[in-house]
1. Can you tell me the equivalent ellipsoid semi-axes for region B:2-201? Use √(5λ) from the Cα gyration tensor, largest first, whole Å.
2. Report the dimensions of region B:10-63 along its three principal axes from the alpha-carbon atoms, largest first, rounded to Å.
3. So, in nm, how far is label residue A:158 from label residue B:142 when the simple model puts each one 7 Å beyond its Cα toward the Cβ?
4. Restricting to chain B, what percent of DSSP beta bridges are antiparallel, rounded to 5?
5. Please give the contour-minus-distance gain from residue B:96 to residue B:37: 0.36 nm per residue of separation, less the Cα-Cα distance, rounded to one decimal in nm.
6. With a cut-off of 8 Å between alpha carbons and a minimum separation of six or more residues, what is the relative contact order of region B:77-212 in percent?
7. Counting only DSSP beta bridges with both residues in region A:1-107, tell me the antiparallel percent, nearest 5.
8. Can you compute the label reach from residue A:110? Point 7 Å from Cα along the Cβ direction, backbone N cut-off under 20 Å, restricted to region A:86-102.
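Bear in mind these aren't lab numbers, they're just calculated from the coordinates by the rules spelled out. All values derive from a computational prediction rather than experimental measurement. Quick reminder, even Gly has a Cβ in these numbers, built from the backbone with ideal geometry, and neighbours come from all protein chains shown.
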């Protein structure tokens, strides 16, 4: 599949490398290609392009930017380049401006997932992967052989089915559909526990298995 | 152990019954004993008393009231009756005033656990059990044979050790200490996901196993 990834941090890099390995045609979109290349300490696993070019050519777009700038980054990619397409939103609204632990810049009665869907009503937004660290997103088998759970939120059932298929390529086996995009509040609000567990466990490589 | 339980809803009833079964000396505290008895549809599993009497006689106190009234209920029990004692806080700040799904009346930069600890600085508050339904609190083996996780938050290490021992009597085996009482934000903020999962799964009897 032709996939455009917005975001050049560890999530964008890790997912790009994994998608290339799985045979997908990946372009990494960034606001300023020259500036991103200039400050990169190692090569990117896929070609860079402007956010608009990466989104225009893609069948599926992944938002791997920080939750506080996601709507701006997607606006830079161009609403016309998102219209009708599946947009996987991985972002979390973590605000470290007051130090550790971060708080959420939006929660409880709204979420980044909803903000993105409202800003781009023609995009088919699916919130997922935001509850685990990048290495676990791409390779769930890194933790407990992959025997743990991932959540999906979104208004479009076909978009969620497309995303679930891609997640199964990564190795995800227990994928739980929570319902419409407002359920993204629930997964984004898991982050305050996540950051405390990271401290208590001394690792970022953990997840939850939903037992029922 | 002499245990005072504040709260006559399903959490208070279920935990009272389980603690009596385990051989503890339980008193259920309520604001108005006659009114609580008058509206009860079935007998209580332990004797009722005023909140103050239940707390005064107890070695350990359990707050099983709604998070929105917890500080008021504990104030009714009397700060002098909580001083120096372990107070298990199970409450969640779920606000159903706008319908379903509920939002949280406090979150992100504060929690009920912290409110209770601030209001009663001499109490040794331990937040736990608030992430599962009453039947699972009391009998974790009801889900997946008990192979799942419970979290603890609190400022007092001895109080957390006392609570962990009581939880092991219930059948809890994987008990994770998150840190001080501010980590209660993390577990209270799991509730928005919990209520959506309840809908998606069609049951309240589920939990998470922390895999690492």
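1. The equivalent ellipsoid of region B:2-201 has semi-axes of 23, 19, 19 Å.
2. 27, 22, 15
3. If labels sit at residue A:158 and residue B:142, their model points lie 4.2 nm apart.
4. Antiparallel bridges make up about 15 percent of those DSSP assigns within chain B.
5. 18.7 nm is the gain from fully extending residue B:96 to residue B:37.
6. Contact order relative to length: 29 percent.
7. The answer is about 10 percent antiparallel.
8. Under 20 Å, as judged by backbone N against the label point of residue A:110, lie A:89-98 of region A:86-102.
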